[in-house]
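Every number in this text was worked out from the coordinates using simple rules, so none of it is lab data. Quantities reported herein were computed from a predicted structural model and do not represent experimental measurements. Ideal geometry is used to build each Cβ from the backbone, glycine not excepted, and the neighbour counts take in all protein chains shown.
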Amino acid sequence: MSAPDNEPSFRESVDLMFNRAVALMDLSPGLEEKIRVCNSTYTVRFGVRLRGGIQTFTGYRSVHSEHVEPVKGGIRFSLGVSQDEVEALAALMTFKCALVETPFGGSKGGLCIDPRQYDAEEMERITRRFAYELAKRDLIDPAQNVPAPDMGTGEREMAWIADQYRRMNTSDINAAACVTGKPINAGGIQGRTEATGRGVQYALREFFRHSEDVQKAGMEGSLDGKKVIVQGLGNVGYHAAKFVSEEDGAKVVGIIEHDGALVDHDGLDVEAVRGWIAKHGGVQGYADAEYVEDGGKVLEEECHILIPAALEGVINQGNADNIKANLIIEAANGPVTFGADDILRKKGVVIIPDMYANAGGVTVSYFEWVKNLSHIRFGRMQRRQEEARHQLLVDELERISRDSSINWTLSPGFKDKYLKGAGELELVRSGLDDTMRQSYQAMRQVWLDRDDVEDLRTAAYIVAIGRVALSYQSKGL
């Protein structure tokens, strides 16, 4: 899955995709350049006393755009972290937030570290020191810069960061909102862990609601029965695969991991594979499917839907010609390079872009941020009142049934389902579903209405850049 030597870097791919979109827009050169450039990147090198000595770590926090504040974006822990990577990811965050209409600018952070080389106590000390270095420069702040989990980080790290910020800002009543993706008991929100994978599912559902779009991808019908290959069964890939297979009837026929791939044309048990990976660290040795040592080859297997859900650049000029999927939905950031994107478009492959497809995480992060600022759990004020109002209707229907000469009853299960008021999880899923539907409609309108827009990615950039431009113009730029 390695890219050819002449492949544009991740950052270059983002810039090239940006250029392709702005060439179709009427922006002044100055405003175009303002939207393009990264506002600032802070590099920090700090030492932590570990294992009888001092180890020095390098971290970054990049702010791409402050057209609205706070800025938003994850913090990743990976040996591959670099300034170019975080700046490219920060740019994507700007456009992603604009596309799904969350009131954030774009930011991103990263720490050059392999978390697997350190135990929990060591990781806590490292994470807290990194958080301290960022927070004292207002690069973690509920009103200015709000991180979230990313590759190599999760609820645990976000809880440490939030606690470190609170220790440094003891009088800030909104301290919990300094970071999202926290555990529930530390101010998190239900549905955040599944959010990005759930957003992929909702994106696919919305795509398949439009038969014209489905036909463009050479398919017909619904998600039911469609063959799916997933690359990367981490948090995002796992939830996306689980939801589309269990709830929408899709068939996951391939799962690609770092040590190879599993293939079963009758459909893999996603939960069982996830359990095997958790226990053994990879897919090798899993007995109930065909094992393929060269996992990259499974990207080229025939399927209806390909879900790259791990690293950037896995589909590149070296393998794009061999991709046989009708539809690619980018659950990861930047899995399709600019060169590959051009090849795939010419082949007629439809790509649902990362800017939209993996926006579930930042959308539910927005809900968590709002919850932290409002200091109240979603559903607490209205849930029981909603149930009481529904009870009135059910009671009236049952009274009519008793008094009517016509013998009729409510359908089995209707009463229990109708009487259940929406709690936090239901409201979060509803808000995410609405966001994914509205954002797709905005992209789709540009895609279908403009003859010079050939794909959803360009359409997404045009929508997002246009919204950022309007924000800057309203400030007098």
Once phi for every residue in the stretch 424-437 is put through the Karplus expression 6.51 cos²θ - 1.76 cosθ + 1.60 (θ = phi - 60°), the whole-Hz ³J(HN,Hα) values, with Gly and Pro written as x, are 4, 4, 5, 5, 5, 5, 5, x, 5, 4, 4, 4, 5, 5
The exposure ranking of C38, C178, fewest beta-carbon neighbours within 10 Å first, is C38, C178
Summing -39500 (n - 2.57) over every DSSP H run of at least 4 residues in the chain and dividing by its residue count gives a helix-only mean residue ellipticity at 222 nm, to the nearest 500 deg cm²/dmol, of -14000 deg cm²/dmol
Applied in sequence order to the stretch 463-473, the curve 6.51 cos²θ - 1.76 cosθ + 1.60 (Karplus, θ = phi - 60°) yields integer Hz couplings, x standing for Gly and Pro, of 4, 5, 4, x, 5, 5, 4, 4, 5, 5, 5
Using alpha carbon centers only, the stretch 201-224 is separated from the stretch 412-477 by a whole-angstrom value of 16 Å
Long-range share for the stretch 243-370, i.e. C-alpha pairs more than 23 Å apart as a percent of all pairs, stands at 37 percent
Sorted by chain and then number, the residues having a modelled amide H within less than 5 Å of the amide H of K227, at least 5 places away or on another chain, are K251, H304, I305
Rounded to the nearest Å, the spacing of the alpha-carbon centers of the stretch 41-85 and the stretch 135-179 is 14 Å
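Viscosity 1.002 mPa s, temperature 20 °C: Stokes-Einstein D of the stretch 99-177 from its Kirkwood Cα radius, in µm² per second?
Numbers: Rh = 13.4 Å.
Translational D for this selection: 160 µm²/s.
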XL table K108/K226; K242/K371; K72/K420; K108/K227; Cα-Cα > 29 Å flagged, in table order, is K108/K226; K72/K420; K108/K227
Taking the stretch 353-410, the whole-percent share of alpha-carbon pairs separated by over 20 angstrom is 59 percent
Under 5 Å from the placed amide H of G73, counting only residues 5+ away or on other chains, we find S107, V146, A148
Taking only Cα atoms of the stretch 50-111, the Rg to Rh ratio with Kirkwood Rh works out at 1.14
Karplus ³J(HN,Hα) for the stretch 175-189 (6.51 cos²θ - 1.76 cosθ + 1.60, θ = phi - 60°; Hz, whole; x = Gly/Pro) runs 4, 4, 7, 6, 7, 10, x, 7, x, 4, 6, 10, x, x, 10
Row for the stretch 236-294, column shape: gyration tensor on C-alpha, a ≥ b ≥ c, rounded if a/c < 1.5 i.e. under 1.5, prolate if a/b over b/c, else oblate; value prolate
